[in-house]
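Trainee: Quick one: this structure, given as structure tokens, is what I'll be asking you about.
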Amino acid sequence: MSTITPHDRAAWRARLLSTLKRVRYAPDPAAKSADFYVALGWISAAHCLGAISIVASEHLNDLALNASEQRAAEFTQQRRQASARERAA
């Protein structure tokens, strides 16, 4: 029998979504990587404690991975643009 209450589930959900937003809007690659692994930890813990289902866990893992990959692509684009500006100068 789970001791997780609806309030606990809502708190986990809010914390997970907050962490996923940090992954998406990380100011630099190191912060993005750190927040990505924090998000995976929260997702794993939430699933293990019964706060989220396996389907929700997989969905959140996909969201974290997509946010991380998108942010990494943005960082790569920023580096390319900076290099192009340096060459042009």
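Trainee: Restricting to region 32-89, name every residue that is in contact with a helix residue (DSSP H, G or I) (Cβ under 9 Å, 6 or more places away or on another chain) and farther than 26 Å from residue 11 by Cα.
Mentor: Within region 32-89, 70, 72, 75 qualify.
Trainee: Considering only region 64-84, how many residues are under 16 Å from the mean Cα position of the chain (by Cα), polar (S, T, N, Q) and loosely packed, with under 11 Cβ neighbours inside 10 Å? Give the derivation first.
Mentor: Let us first name the residues in region 64-84 that are under 16 Å from the mean Cα position of the chain (by Cα), namely 64-75.
From what's left, polar (S, T, N, Q): 66, 68, 70.
Still in the running and loosely packed, with under 11 Cβ neighbours inside 10 Å: none.
Selection size over region 64-84: 0.
Trainee: Ok, one more. Do we find that residue 41 is modelled with pLDDT under 90 and under 16 Å from the mean Cα position of the chain (by Cα) in this structure? Step through it out loud before you land on a result.
Mentor: Details: modelled with pLDDT under 90: yes; under 16 Å from the mean Cα position of the chain (by Cα): yes.
Against the criterion (modelled with pLDDT under 90 and under 16 Å from the mean Cα position of the chain (by Cα)), residue 41 qualifies.
Trainee: Of the residues 30, 56, 26, which single one is free of Cβ contacts under 8 Å to residues at least 40 places away in the same chain and over 30 Å from residue 3 (Cα atoms)?
Mentor: Step by step, each of 30, 56, 26 is checked, and only 30 is free of Cβ contacts under 8 Å to residues at least 40 places away in the same chain and over 30 Å from residue 3 (Cα atoms).
The values are calculated or read from the model by the stated rules, or taken from the named source; none is laboratory data. Just so it is clear, the model here is predicted, and its values are computed rather than measured. Cβ coordinates were reconstructed from backbone atoms using ideal geometry, including for glycine residues, and neighbour counts include every protein chain displayed.
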